[in-house]
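Enquirer: The structure follows.
The values are calculated or read from the model by the stated rules, or taken from the named source; none is laboratory data. Because the structure is a prediction, the values reported are computed rather than measured. Note: ideal-geometry Cβ built from the backbone for every residue, glycine included; neighbour counts use all protein chains shown. Side chains are part of the model used for accessible areas, which takes the heavy atoms of the whole protein and leaves out ligands, DNA and RNA. Shrake-Rupley method; radii C 1.70, N 1.55, O 1.52, S 1.80 Å.
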Amino acid sequence: MYKRMLSLLCCLALMFSLCAIQAPSASATPPTTGGLLRNVLPDEGYVNSAFTDGLDNTTSSLGSVGYAKWNLGSPRTITGFYFKAMTYAKLEFLDASGNVLKSLQGIEVPASTDFIPLKLNNVAAIRISGNYSIHEVDVSDTFVDQPPAVPTGTAVYPYDGKQYIGWNANQESTSDIAGYNVYQDGVKLNSEVVPVPHFVVSGLVNGQDHTYQVTAVDLAGQESGKTAVITSASRLLPGSPIIEYGGGVNEVDKDLETFTEIRTTSYAIYNIGNNKKEVHVYFAAINDIPSSSDRNGKMLVYFQSSTGTLIKSYDLATVGTNVSKVVLPVPVNAVKVRVSNKSYTASRLHEIVSVNNGPLAPTHLVAVAGDRKANLSWDANTEPNIVGYNVYMDGVKINTSLVNGTTYSVLGLTNGVTYSFTVTAVDADGNESPHSNVAYATPKDSWPPDVPQRVVTTGLDGQVDVKWDANTDSDLAGYNLYQDGVKVNGALITDAFYSVTGLTNGTTYVYTVTAVDTSGNESEASSPAPETPRDLTAPAAPAGLTATAGNGSVTLAWSANGETDLAGYYIWQDGVKINSTPITDTSFVVTGLTNGWSYTFAISAVDAAGNQSKRSVEAVVSPSNSL
């Protein structure tokens, strides 16, 4: 029984590959609306009106052109098709660029008018090909989203402390299936949906039964029903079964509990698969044969390549009854094991099995870019004989010795260049796993420029000018200027100078400057530089000055200035300002003068910011006591 279970494992890969070209099963209840190709001529190829006869039994040959193609207009989601072929044909669903989204080839579709469900997104055209007779093609885009179908072909294969669970990939469009859930004893094992149609359960106790079921999950989160319950227990088994025999073997027994008997010069060839380095052989010593007359010859086990080159051989007479591990000196492809007698005798052999197909590919590889480097991390493999990992950059292995942990730093990279990375696992026998997922990283400079120095500000009328010493960093891209902590420039400033306008005079602002390099790294802010913009426009010179002489005095008068921020006027006598505080009137009496002396007077205006106008036109006058 165990051998029969094991024989399924060797056929698993072939079975899964065949699933990719099997047609979806037909439905007894097709949609009644949504047909796209009924009564529609093909757009290309063999444009034959027989294709427009509806879903009847009239045949339409593809003729010498060998294909017919319908364009569906804008891409759409299709949910199934009618396809009645007299014999084998190819049916392809194409996207808007002509790429094949789904191809069904080598199928024989039922002769009756059956609707075959197939959900597929972005379909822009449908093509049939092959010089065959075709009944009818029709496609429906009527769809009510339903949960996926229950997975089929579920099988459980026991190992030492493990169970390998496999099933057929669901035939719904790959764009609709998110993955699968695996249940052990009714409890879901996976935290995330399983993207592939197989799963390994580890950490089991040998001999303890468990039940297993599988469901499919679509992108909407809908889960199918569960598969039928399969009960299985992990156990210590020699390995995978024999899948090929030859050379006149008499009653070759597939049961591990019974010897295989090979008489006279007969031989048996056991195909144990590709790229094997470790082989387990379950030997039975030649002296187990009861008749002494049958002990005259030898029974040898030959490990040979597909070309017949001898790799290693064993004389069973010297081995004894046990499970022996044979480690071949190099990995070989399509290794065959040959068992033969060298004289007329009867010999017995329990079984020859291969058990080590190499580690699984590491998972969840992540690459984090740094400055001229990339830091890699991945999940540890769970196989017990993993001795390390290899790291590949752009397809080339870069480690000289195996990596012991699950992290690796790749140094000396070029900033701005994108690199691809994968990881493989290596076991104690030198078997290397397939590559992990691809992870990409683009290193970049992470070191910021120097902080700008000697920031100087100048307050102007509604404006502040800011300047600083230019940075000398070779990868400098420019500067950012901050006013009260808020950046004021849009694009980077390329000069070491900037004018901030539209400010309020009399308000104090604080400015800082940062430097930015070509990788976008920004320096720390410079020392703060406060500045207050102010009014720098002086009033106009006063006009209309008159001077009237008096006894020891002079009376001055002038026209009022019109500035709104005028603070007052200064009086100038013989070039000397005689009032310390501006006067607000437009007249002034100067006293204490000497009669008969000539004096020169002028007036200047001053605003609230202290800006002083030019002096007015001078007035010359001499005080007199005779007036």
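Enquirer: If you go through region 533-543 one residue at a time, do you hit one that is farther than 30 Å from P448 by Cβ, among the acidic types (D, E) and within 60 Å of the chain's Cα centre (by Cα)? Can you show your working first?
Expert: From region 533-543, those farther than 30 Å from P448 by Cβ are 533-543; that's our starting set.
Adding the requirement that they be among the acidic types (D, E) leaves 535.
This time we only want the ones that are within 60 Å of the chain's Cα centre (by Cα), so: 535.
For region 533-543, residues farther than 30 Å from P448 by Cβ, among the acidic types (D, E) and within 60 Å of the chain's Cα centre (by Cα): present.
Enquirer: Test each condition in (1) open to solvent by 30 Å² or more (accessible area, probe 1.4 Å); (2) closer than 15 Å to T512 by Cβ; (3) within 37 Å of the chain's Cα centre (by Cα); (4) among the β-branched types (V, I, T) for V456 and report the one that comes out false.
Expert: Condition not satisfied by V456: (3).
Enquirer: Could I ask something else about it? I need the full set of residues from region 381-396 which are closer than 14 Å to T422 by Cα and in contact with a Pro (Cβ under 8 Å, 6 or more places away or on another chain), in order please.
Expert: Selection gives Y389 alone.
Enquirer: Against the conditions (1) in a strand (DSSP E or B); (2) without any contact (Cβ under 8 Å) to a residue 12 or more places away in the chain, where does T564 fall short? Just the number, please.
Expert: Unmet for T564, out of (1) in a strand (DSSP E or B); (2) without any contact (Cβ under 8 Å) to a residue 12 or more places away in the chain: (1).
Enquirer: For region 85-136, which fully contained strands (runs of 3 or more DSSP E) count at least 3 residues that are modelled with pLDDT of 70 or more and among the aliphatic types (A, V, I, L, M)?
Expert: In region 85-136, the matching strands (runs of 3 or more DSSP E) lie at 100-107, 115-129.
Enquirer: Does E618 satisfy the condition of being under 23 Å from D535 (Cα atoms) and more than 60 Å from the chain's Cα centre (by Cα)? Can you show your working first?
Expert: Values: under 23 Å from D535 (Cα atoms): no; more than 60 Å from the chain's Cα centre (by Cα): yes.
The answer is no for E618.
Enquirer: Continuing with this model, one more query. Mind listing just one residue for me: the one in region 573-598 that is touching a residue at least 24 places away in the same chain (Cβ under 8 Å) and closer than 18 Å to G544 by Cα and, of those, nearest to the chain's Cα centre (by Cα)?
Expert: Among residues in region 573-598 that are touching a residue at least 24 places away in the same chain (Cβ under 8 Å) and closer than 18 Å to G544 by Cα, the one nearest to the chain's Cα centre (by Cα) is T586.
Enquirer: Hey, another quick one. Exactly one of (1) open to solvent by less than 70 Å² (accessible area, probe 1.4 Å); (2) of a type in the set (A, V, I, L, M); (3) under 30 Å from V423 (Cβ atoms) is unmet by V466. Its number?
Expert: Single failed check for V466: (3).
Enquirer: Let me ask something else about it. Among the residues of region 362-380 satisfying the criterion of being at pLDDT 90 or above and part of a loop (DSSP other than H, G, I, E, B), which is farthest from E432 (Cα to Cα)?
Expert: Checking each candidate, the answer is R372.
Enquirer: Please count how many residues of region 401-420 are free of Cβ contacts under 8 Å to residues at least 24 places away in the same chain and either of a type in the set (F, W, Y) or open to solvent by less than 60 Å² (accessible area, probe 1.4 Å) (or both).
Expert: 2
Enquirer: Considering each of D465, D461, D469, D475 in turn, give the residue that is charged (D, E, K, R) and under 31 Å from the mean Cα position of the chain (by Cα).
Expert: Going through D465, D461, D469, D475 in turn, the sole match is D475.
Enquirer: Just wondering, is there one or more residues in region 442-460 that are in a strand (DSSP E or B) and without any contact (Cβ under 8 Å) to a residue 24 or more places away in the chain?
Expert: Checked against the condition, which is being in a strand (DSSP E or B) and without any contact (Cβ under 8 Å) to a residue 24 or more places away in the chain, region 442-460 yields no hits at all.
Enquirer: For region 190-236, which strands (runs of 3 or more DSSP E) that fit wholly inside it have 3 or more residues that are over 22 Å from P359 (Cα atoms) and not aliphatic (A, V, I, L, M)?
Expert: On the way: elements: 198-201, 209-218, 230-233.
By residue number, 209-218.
Enquirer: So the check is Cβ under 7 Å with 6+ separation or different chains; which pairs have a first residue in region 141-157 that's at positive phi and part of a loop (DSSP other than H, G, I, E, B) and a second one that's modelled with pLDDT under 65 and not small (G, A, S)?
Expert: Cβ pairs passing all conditions: G153/M15.
Enquirer: From S622, S553, S613, which residue is closer than 22 Å to N505 by Cβ, hydroxyl-bearing (S, T, Y) and surrounded by 14 or more Cβ atoms within 10 Å (Cβ to Cβ)? Please lay out each step first, then the result.
Expert: Numbers: S622 fails: closer than 22 Å to N505 by Cβ; S553 fails: closer than 22 Å to N505 by Cβ.
So the residue among S622, S553, S613 that is closer than 22 Å to N505 by Cβ, hydroxyl-bearing (S, T, Y) and surrounded by 14 or more Cβ atoms within 10 Å (Cβ to Cβ) is S613.
Enquirer: Hey, among the residues in region 570-594 that are open to solvent by 40 Å² or more (accessible area, probe 1.4 Å), β-branched (V, I, T) and in a strand (DSSP E or B), which one's farthest from A608 (Cα to Cα)?
Expert: Residue satisfying both the conditions and the ranking: V589.
Enquirer: Considering only region 421-450, how many residues are open to solvent by 30 Å² or more (accessible area, probe 1.4 Å), touching a strand residue (DSSP E or B) at 6+ places or on another chain (Cβ under 7 Å) and among the hydrophobic types (A, V, I, L, M, F, W, C)?
Expert: Total meeting the criteria: 2.
Enquirer: A further question on this structure: Looking only at region 492-505, which residues are under 42 Å from the mean Cα position of the chain (by Cα) and open to solvent by 90 Å² or more (accessible area, probe 1.4 Å)?
Expert: T494, D495
Enquirer: Same structure again: Only one residue in S559, S526 is in contact with a Ser or Thr (Cβ under 8 Å, 6 or more places away or on another chain), modelled with pLDDT of 95 or more, open to solvent by less than 50 Å² (accessible area, probe 1.4 Å) and assigned to a loop (DSSP other than H, G, I, E, B), so which one is that?
Expert: Of the residues listed, the single one that is in contact with a Ser or Thr (Cβ under 8 Å, 6 or more places away or on another chain), modelled with pLDDT of 95 or more, open to solvent by less than 50 Å² (accessible area, probe 1.4 Å) and assigned to a loop (DSSP other than H, G, I, E, B) is S526.
Enquirer: For region 178-187, name all the residues that are closer than 28 Å to L118 by Cβ and open to solvent by 30 Å² or more (accessible area, probe 1.4 Å).
Expert: A178
Enquirer: When you go through N471, N489 one by one, which is the residue that is surrounded by fewer than 19 Cβ atoms within 10 Å (Cβ to Cβ), touching a strand residue (DSSP E or B) at 6+ places or on another chain (Cβ under 6 Å) and in a loop (DSSP other than H, G, I, E, B)?
Expert: Unique residue meeting the criteria: N489.
Enquirer: Can you name the residue in region 506-523 that is hydroxyl-bearing (S, T, Y) and assigned to a loop (DSSP other than H, G, I, E, B) and is also surrounded by the fewest Cβ atoms within 10 Å (Cβ to Cβ) among such residues?
Expert: T507
Enquirer: Show the residue pairs meeting these rules: Cβ distance below 6 Å; 6+ apart or different chains; first residue within region 600-627 and under 10 Å from A567 (Cα atoms); second residue at pLDDT below 95 and open to solvent by 90 Å² or more (accessible area, probe 1.4 Å).
Expert: A609/R534
Enquirer: Quick one: count up the residues across region 536-556 that are in contact (Cβ under 8 Å) with a residue 40 or more places away in the chain, in a strand (DSSP E or B) and over 10 Å from I603 (Cα atoms).
Expert: Of the residues in region 536-556, 7 are in contact (Cβ under 8 Å) with a residue 40 or more places away in the chain, in a strand (DSSP E or B) and over 10 Å from I603 (Cα atoms).
Enquirer: Follow-up question, since we're still on this one. So, in region 381-400, of the ones that are modelled with pLDDT under 95 and under 30 Å from G161 (Cβ atoms), which residue ends up surrounded by the most Cβ atoms within 10 Å (Cβ to Cβ)?
Expert: N381
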